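Okay, so here's the structure we're looking at.
The values are calculated or read from the model by the stated rules, or taken from the named source; none is laboratory data. Treat the numbers as computed from the prediction; the structure is a model and nothing was measured. Here Cβ is always computed from backbone atoms with ideal geometry, including for glycine, and neighbour counts include all displayed protein chains. What goes into the accessible areas is simple: the full protein's heavy atoms, side chains included, and nothing from ligands, DNA or RNA. Shrake-Rupley method; radii C 1.70, N 1.55, O 1.52, S 1.80 Å.
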Amino acid sequence: MALLRGPAADGQRSAVTRPLSAASVLCQVEPVGRWFEAFIKRRNINVSASFQELEDEKELSEESGDEELQLEEYPMLKTLDPKDWKNQDHYAVLGLGNIRYRATQKQIKAAHKSMVLKHHPDKRKAAGEQIGEGDNDYFTCITKAYEILSDPVKRRAFNSIDPTFDNSVPSKSEAKENFFEVFSPVFERNARWSNKKNVPKLGDMNSSFEEVDAFYSFWYNFDSWREFSYLDEEEKEKAECRDERRWIEKQNRAARALRKKEEMNRIRTLVDNAYSCDPRIKKFKEEEKAKKEAEKKAKVEAKRKEQEAKEKQRQAELEAARLAKEKEEEEVRQQALVAKKEKEIQKKAIKKERQKLRTTCKNWNYFSDNEADCVKMMEEVEKLCDRLELASLQCLNEALTSTTREGGKAAVVKQIEEINEQIRREKEEAEARMRQATKSSEKSTTGGGGGSKNWPEDDLQLLIKAVNLFPAGTNSRWEVIANYMNLHSTTGIKRTAKDVINKAKSLQKLDPHQKDDINKKAFDKFKKEHGVVPQMDSAAPSERFEGSPLDSSPWTTEEQKLLEQALKTYPVNTPERWEKIAAAVPGRSKKDCMKRYKELVEMVKAKKAAQEQVMNATKVKK
């Protein structure tokens, strides 16, 4: 015989004994399955009850709840159209209008049972009430209501379009004075659509920033389970073929997506209106603004203090530098005073020694009885006074003092010879330096490229023209000038860019008169080769040959700009073009404008040709 005992003292295991060969054995067993679940529940609530007792208690609690269920009679029930069942309120039909979406499945089942017992056609027929034929009786509405609410999917679809739900959104003007009273019930009402549990509350004026931020973050990222399949206009079950069913599904999906978008826009409008009217947001913004202002003021104050500290440090450094400079200047001044005193002492000593030398020589009549020799000796003595230093003068005066007239004369003559030799050497060195400087200047004026013999007047004139033709900024300017000279030179000497640069530098150092001489020689040669320009007779010249080329003045920068603008203003097909261009350039005739235009065209062509040659030469080298 087996014996089942209750839970052990430790609450973990049970013991079972059974007869085995006339002797009982104690075995440890553990609950499994639903018995294990009941065991865990008993342990958690600290009670000792069996699984069956807990189940019975649960059923009793549900039955007691069903007994307390109060159904509300729907006054319009008997007037409902069974064919229009989709537009009816299913909760009201079953008498659950007071609890609606909070009703449990048992309550729905009990309500349906009660409605069937009361409104079943057989009972009403037995009571003598007239019954509609087939599905035309209002009892069909009760059946449809139970069919919808007993199916979780269909019930969820109906709950999404609950006809009693208020979809309105308060405006900003409605919540100016009583924000929490207006918006709090609206958010609580819409919280039923959230997929997430524990929906945050709106709170009150004492809510913290974190709570308010969490509330609006939740609603701005609101995840709604609300869907609108119940409002589908077409039922795919009524389709006759697969293509029609697919078309109906497509139409229904589009309609659901549109309603879902409208629903999310409604939620977003609700949150936006609440956020814009929330006095806590305004308070937080003012606090944030005040905090930023305080931080800004603190930063400005810290910066001001830092600037003051830097300025103070700078003033201290300037003061220290000023004191050091004054100290240094004072030391320099003292040194200058000492040097000045020493210089004055030395100057007085030299003056004294010079006077002593003059007096000694004068007492000895300059070592000669001849007046001419005396004058000459006087000049030599003055030369000694100018050239000799203090030590030399002292030695010479000591020698004159300790010797006779003849010995003094010999000492003075010897000193004079040394001074004259020194003057001669200095003069020779100065002449040598002068000759070297003259030779260097002559060498620099000859320039590079083989000296002036390799640069005849024609090449010099051509170089001046090329330098003016290709101004600074031209790409590979000196290579272009060298190629231009090699093309137009009559001497046949090939010039490199280096030769051209050296000669151009040497021409810059020349005197303007020398440049004029070069230009004059080139012009004289031109006259020799082409003859003298014929003189114009006294007859009136035609318009074509009006004016002389030699009398035309050079074009200024302003005239050049006016000519270029006139060329753009009057294109080639303009009637009387050159007359209009000449009128646009004051002081210039039609002939001058045409001539200048031809010169510009030739210059541009020559420049392009030279640049193309440089580019070709570069490509060949590569």
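Things to note:
So that you can scan it fast, the table gives a plain yes or no per residue for (1) without any contact (Cβ under 8 Å) to a residue 24 or more places away in the chain; (2) among the polar types (S, T, N, Q); (3) under 30 Å from PHE187 (Cβ atoms):
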position	(1), (2), (3)
GLN130	yes, yes, no
GLU147	yes, no, no
VAL153	yes, no, yes
ARG156	no, no, yes
ILE161	no, no, yes
VAL169	no, no, yes
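- Under the condition of being at pLDDT 80 or above and either touching a Ser or Thr at 6+ places or on another chain (Cβ under 9 Å) or small (Gly, Ala, Ser) (or both), the residues counted in the stretch 129-140 number 1.
- Residue within the stretch 436-445 that is modelled with pLDDT of 80 or more, more than 30 Å from ALA399 (Cβ to Cβ) and either part of a helix (DSSP H, G or I) or small (Gly, Ala, Ser) (or both) present: yes
- The set of residues in the stretch 488-501 that are in a helix (DSSP H, G or I) and surrounded by 13 or more Cβ atoms within 10 Å (Cβ to Cβ) comprises HIS488, ALA497, ASP499, VAL500, ILE501.
- Of all the numbered requirements in (1) touching a residue at least 12 places away in the same chain (Cβ under 8 Å); (2) within 26 Å of SER160 (Cα to Cα), LEU258 misses one, and that requirement is (1).
- Qualifying residue in the stretch 365-374 (condition: more than 16 Å from LYS414 (Cβ to Cβ), at pLDDT 85 or above and aliphatic (A, V, I, L, M)): no
- Checking each residue in the stretch 393-410 for being in a helix (DSSP H, G or I) and closer than 16 Å to GLU353 by Cα picks out LEU393, GLN394, CYS395, LEU396, ASN397, GLU398, ALA399, LEU400, THR401, GLY408.
- Listed by first and then second residue, the pairs with beta-carbon distance under 6 Å, at least 6 apart or on different chains, first residue in the stretch 378-392 and over 10 Å from GLU353 (Cβ atoms), second aromatic (Phe, Trp, Tyr), are MET378/TYR366.
- Look at the stretch 350-361: where a residue is surrounded by 14 or more Cβ atoms within 10 Å (Cβ to Cβ) and a partner is among the polar types (S, T, N, Q) and assigned to a helix (DSSP H, G or I), sitting 6+ places away or on another chain with Cβ atoms under 8 Å, you get GLU353/GLN394; GLU353/ASN397; LYS356/ASN397; LEU357/ASN397; THR360/ASN397; THR360/THR401.
- Search result, residues across the stretch 222-272 that are among the acidic types (Asp, Glu), outside any loop (DSSP other than H, G, I, E, B), open to solvent by less than 70 Å² (accessible area, probe 1.4 Å) and closer than 22 Å to ARG155 by Cβ: GLU249, GLU263
- Taken over the stretch 339-390, the criterion of being outside any helix (DSSP H, G or I) and of a type in the set (Ser, Thr, Tyr) is satisfied by SER368 alone.
- Scanning the stretch 262-280 for residues that are within 15 Å of ASP213 (Cα to Cα) and without any contact (Cβ under 8 Å) to a residue 60 or more places away in the chain returns VAL271, ASP272, TYR275.
- Number of the condition not met by ALA336 [criteria: (1) assigned to a helix (DSSP H, G or I); (2) open to solvent by 70 Å² or more (accessible area, probe 1.4 Å); (3) more than 13 Å from GLN415 (Cβ to Cβ)]: (2)
- Flag if SER21 is of a type in the set (Ser, Thr, Tyr), modelled with pLDDT under 75 and at negative phi: no
- Residues of the stretch 182-213 that are open to solvent by 50 Å² or more (accessible area, probe 1.4 Å) and of a type in the set (Phe, Trp, Tyr): PHE209 alone.
- Selected residue [assigned to a helix (DSSP H, G or I), open to solvent by 90 Å² or more (accessible area, probe 1.4 Å) and within 15 Å of LYS172 (Cβ to Cβ)] from LYS303, LYS282, LYS289, LYS296: LYS282
- Selection of the stretch 190-221 for residues being touching an Asp or Glu at 6+ places or on another chain (Cβ under 9 Å), part of a loop (DSSP other than H, G, I, E, B) and polar (S, T, N, Q) yields only ASN195.
- Neighbours by Cβ (under 6 Å, 6+ apart or cross-chain): first from the stretch 486-503, modelled with pLDDT of 85 or more; second open to solvent by 50 Å² or more (accessible area, probe 1.4 Å) and of a type in the set (Asp, Glu): ALA497/GLU479
- Residue within the stretch 107-129 that is out of contact with any Pro (no Cβ under 8 Å at 6 or more places or on another chain) and at positive phi present: yes
- Considering each residue of the stretch 417-430 in turn, at least one proves to be modelled with pLDDT of 80 or more and surrounded by 15 or more Cβ atoms within 10 Å (Cβ to Cβ).
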